[in-house]
Amino acid sequence: MGDRSEFFDTPLPSPITEFVCQVMSNMDGQQHYANGTAVIVSPFLALSARHVIEEHWRIHEGEREMFPGEGTGRFSLILAQLVGLELNLWTVTRLWTSGHTDIVAFRLTPYSPGAMAYTFRHLTLDLLPPAVGERISAFGYHSNEIEERDHEIVLLQGAATTHGTVLEVHDEFRDKARLRFPCFRTNARFDGGMSGGPVFNAAGHLCGMICSALPPTADDEDHASYVVSLWPAMAIMIELDREGHPKGVRYPMFELVRDNMLVARNADRVSVGEAEGTDSPPISLRGR
């Protein structure tokens with residue numbers, strides 16, 4: 001067994017919820033659904049897990065295939081951000097994915113007055129995964145329910161903070177069937193709904209996103225939880241307006257690091273090639 005893991009229910013509101021959002025969706029104001037977690041990393045940009053969005057897609061779109069690279073659905077995708085006692089709502093107006101990673105990127109548009117008045121704060125990212133033996137912390141909404149009461153939509157949230165130790169790091173993939181991307185294993189407990197939530201290294205920097213978990217099958221076993229590494233997401237082709245650049249042009253997310261719109265450590269270890277067509281460009285991690 002590795003070092004001890006810890007899991008705590010987190011009372012709300014909490015300072016972390018300014019950065020971490022509940023993922024919700026609806027179809028034409030009906031079929032309200034809440035599941036999964038996302039994290040705001042820079043102005044009008046959030047990250048989550050692709051499989052979270054695929055679940056929302058199945059709820060509203062059925063068997064209709066999700067478009068690769070850039071998802072276009074008929075349903076509305078909304079992030080709920082709790083800042084103090086105020087719930088800010090953001091509409092996801094574009095989303096982008098890549099075959100390199102399970103991470104999905106969202107372009108946010110204010111939906112509520114609080115979101116319109118909100119002043120963004122940056123999280124610091126570390127594009128390198130933590131080392132084996134390093135302690136990590138994570139946060140996510142493990143339970144969520146939407147109720148309709150007297151023509152109002154009420155969001156019931158349950159959140160948790162979890163701690164654990166990194167046990168394995170996979171710089172390419174863990175397997176070619178399920179975890180086909182760079183990731184790392186920890187004994188931290190991740191419950192359903194926490195997928196897409198942020199994982200922080202010992203320095204407090206965002207180093208990955210909650211991906212999947214298997215609970216122990218015996219009292220002397222650890223949780224087998226997986227975190228998707230951040231660096232491959234830098235190759236996701238996005239379209240977010242940047243001062244001094246033409247609008248309507250897609251570019252790798254790594255350009256936000258170069259423009260100081262994303263604060264990222266170890267960016268010098270990441271190399272992003274030229275994009276061909278609409279595909280994500282090749283990306284590599286130097287010195288691993």
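The values are calculated or read from the model by the stated rules, or taken from the named source; none is laboratory data. Only a predicted model underlies this, so the values are computations on that prediction, with no experimental measurement involved. Here the Cβ positions follow ideal geometry from the backbone for every residue, glycine too, while neighbour counts run over all protein chains shown.
What the table below lists for this structure:
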| quantity | calculated |
| --- | --- |
| Residue in region 271-281 that is modelled with pLDDT of 95 or more, of a type in the set (S, T, N, Q) and assigned to a loop (DSSP other than H, G, I, E, B) present | no |
| Given (1) surrounded by fewer than 19 Cβ atoms within 10 Å (Cβ to Cβ); (2) farther than 30 Å from residue 91 by Cβ, index of the condition residue 120 fails | (2) |
| Any hit, region 114-125, residues being in a strand (DSSP E or B) and in contact with a Leu (Cβ under 6 Å, 6 or more places away or on another chain) | yes |
| Any hit, region 127-146, residues being assigned to a strand (DSSP E or B) and without any contact (Cβ under 8 Å) to a residue 24 or more places away in the chain | no |
| Single residue of region 26-64 satisfying the filter (farther than 19 Å from residue 209 by Cβ and touching a helix residue (DSSP H, G or I) at 6+ places or on another chain (Cβ under 6 Å)) that is modelled with the highest pLDDT | 33 |
| Conditions (1) within 30 Å of residue 29 (Cβ to Cβ); (2) among the aliphatic types (A, V, I, L, M); (3) not in a strand (DSSP E or B); number of the one not met by residue 155 | (3) |
| All positions within region 203-227 that are β-branched (Val, Ile, Thr) and either modelled with pLDDT under 90 or touching a Leu at 6+ places or on another chain (Cβ under 8 Å) (or both) | 217 |
| Selected residue (criterion: nearest to the chain's Cα centre (by Cα)) from residues of region 1-50 that are in a helix (DSSP H, G or I) and surrounded by 15 or more Cβ atoms within 10 Å (Cβ to Cβ) | 50 |
| Residues within region 84-102 that are within 14 Å of residue 119 (Cα to Cα) and small (Gly, Ala, Ser), tallied | 1 |
| Out of 199, 249, sole residue that is within 25 Å of residue 53 (Cα to Cα) and touching a residue at least 24 places away in the same chain (Cβ under 8 Å) | 199 |
| Filter result (surrounded by fewer than 20 Cβ atoms within 10 Å (Cβ to Cβ) and either on the phi > 0 side of the Ramachandran plot or out of contact with any Asp or Glu (no Cβ under 6 Å at 6 or more places or on another chain) (or both)) within region 192-212 | 192, 203, 204, 212 |
| Failed item in (1) under 26 Å from residue 271 (Cβ atoms); (2) at pLDDT below 95; (3) in a strand (DSSP E or B), with residue 104 passing the rest | (2) |
| Check on residue 109, of a type in the set (Ser, Thr, Tyr), more than 23 Å from residue 280 (Cβ to Cβ), touching a residue at least 40 places away in the same chain (Cβ under 8 Å) and surrounded by fewer than 19 Cβ atoms within 10 Å (Cβ to Cβ) | yes |
| Test: residue in region 141-159 that is under 19 Å from the mean Cα position of the chain (by Cα) and within 26 Å of residue 98 (Cα to Cα) | yes |
| Search result, residues across region 150-191 that are more than 18 Å from residue 17 (Cβ to Cβ), among the β-branched types (Val, Ile, Thr) and loosely packed, with under 15 Cβ neighbours inside 10 Å | 153 |
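Let's see how each residue does on (1) without any contact (Cβ under 8 Å) to a residue 40 or more places away in the chain; (2) within 19 Å of residue 106 (Cα to Cα); (3) among the β-branched types (Val, Ile, Thr):
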{"residue": "242", "(1), (2), (3)": "yes, yes, no"}
{"residue": "265", "(1), (2), (3)": "no, no, no"}
{"residue": "281", "(1), (2), (3)": "no, yes, no"}
{"residue": "284", "(1), (2), (3)": "yes, no, no"}
